[in-house]
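Taken together, the values in this text are just the output of simple stated rules run on the coordinates, not laboratory data. Because the structure is a prediction, the values reported are computed rather than measured. Note that we place each Cβ from the backbone using ideal geometry, even for glycine, and neighbour counts take in every protein chain shown.
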Amino acid sequence: MRGWIQRVLFVFLVLFIVVPLLMPIIFSFSEVWMGILPRGFTLRWYEAIIKRPKNYSALMVSLTVAFGAVALDSIISIPAAYALNRLETKGGRLLRNFSQILPLIFPPVIVGTALVQAFSRPPLALTGSVFMVIIAHALIGFPFMFRNTLASFQTIDERTLSEAAASLGANLWQRLRYVIIPNVLPGIMVGALLVFAISIGEFEVTSMVAGFTAQTLPLQLFQQIRNDMRVASAISAFLVYVSILAFLAMTYLGGRLYGEARENR
């Protein structure tokens, strides 16, 4: 009896998660869907993402912003994780915890309002530009990038590796490039994939800081819901594909990182 209940709950959980995600995917490949089942098969709605100027422009902006957010978070997170990993005092632990959770505890509307106020006046009048959206997405994704990068640093004996490389004549840049970063690369990649996936689908803060020239794919999706639900389904499906690919890549890299951590122990 208990096993039967567990199976029913598992099936219900899978349906609860999977069915809503399958609906836009099925609709994105169908000609029409007026009844219980869809009719026809077409790739027309995916072609519309590329052929319609607004959709294509939004796709390019989303990719530019996502890669920009990953680059900005990498520039900030890797040196920060390297430095904070070496702070073994109580203050260092407090600072690590503070850095990992601070951006997560504020609602997106507060983050968006703060960014608009901070970057709406010269010389930092960036509101409405692609650069503003990159900064916003980098801020949202920073905790995820930093947490994974720091966790990767904590799985290796970074201090011993650095001292060994220094004894062979390597300077700080050479130690980071040839010794430290290759050992923590899986954690960096997991964080980068998380930031990329979050950026591609981010809507709330983007709607507050993006202008007419920085329309991302989720913003275009919101407009297409009112204009053409079929194209909106194709955009939704594309975002689902990106999330699934990011999840698979993170699972692989996470398993590799865990295996390396066990070997180091």
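Can you tell me which residue among 16, 67, 27 is among the aromatic types (Phe, Trp, Tyr) and exposed (fewer than 13 other Cβ atoms within 10 Å of the Cβ)?
Numbers: 67 fails: exposed (fewer than 13 other Cβ atoms within 10 Å of the Cβ); 27 fails: exposed (fewer than 13 other Cβ atoms within 10 Å of the Cβ).
Of the residues listed, the single one that is among the aromatic types (Phe, Trp, Tyr) and exposed (fewer than 13 other Cβ atoms within 10 Å of the Cβ) is 16.
In the stretch 55-64, which residue that is surrounded by 14 or more Cβ atoms within 10 Å (Cβ to Cβ) and not polar (S, T, N, Q) is farthest from the chain's Cα centre (by Cα)?
Going through the stretch 55-64, the residues surrounded by 14 or more Cβ atoms within 10 Å (Cβ to Cβ) turn out to be 55-59, 61-64.
Now restrict to residues that are not polar (S, T, N, Q): 56, 58-59, 61, 63.
On the way: 56: 21, 58: 17, 59: 16, 61: 15, 63: 12 Å.
The selected residue is 56.
With the requirement that a residue be touching a Phe, Trp or Tyr at 6+ places or on another chain (Cβ under 9 Å) and outside any helix (DSSP H, G or I), what does the stretch 41-67 give you? Let's see the steps before the verdict.
First, the residues of the stretch 41-67 that are touching a Phe, Trp or Tyr at 6+ places or on another chain (Cβ under 9 Å): 41-43, 45-46, 49-50, 59, 66-67.
The answer is 41, 42, 43.
All but one of (1) in a loop (DSSP other than H, G, I, E, B); (2) buried (at least 18 other Cβ atoms within 10 Å of the Cβ) hold for residue 165; which doesn't?
All conditions are met except number (1).
Collect the residues in the stretch 197-232 that are part of a loop (DSSP other than H, G, I, E, B) and under 14 Å from the mean Cα position of the chain (by Cα), keeping them in residue-number order.
Initial filter on the stretch 197-232 (part of a loop (DSSP other than H, G, I, E, B)): 202-203, 211-216, 228.
Passing the criteria: 202, 203.
Which pairs turn up if I take residues in the stretch 109-132 that are surrounded by fewer than 18 Cβ atoms within 10 Å (Cβ to Cβ) and look for partners that are polar (S, T, N, Q) with beta carbon separation below 6 Å, at least 6 apart in sequence or on another chain?
Correct list of pairs: 116/127; 120/127.
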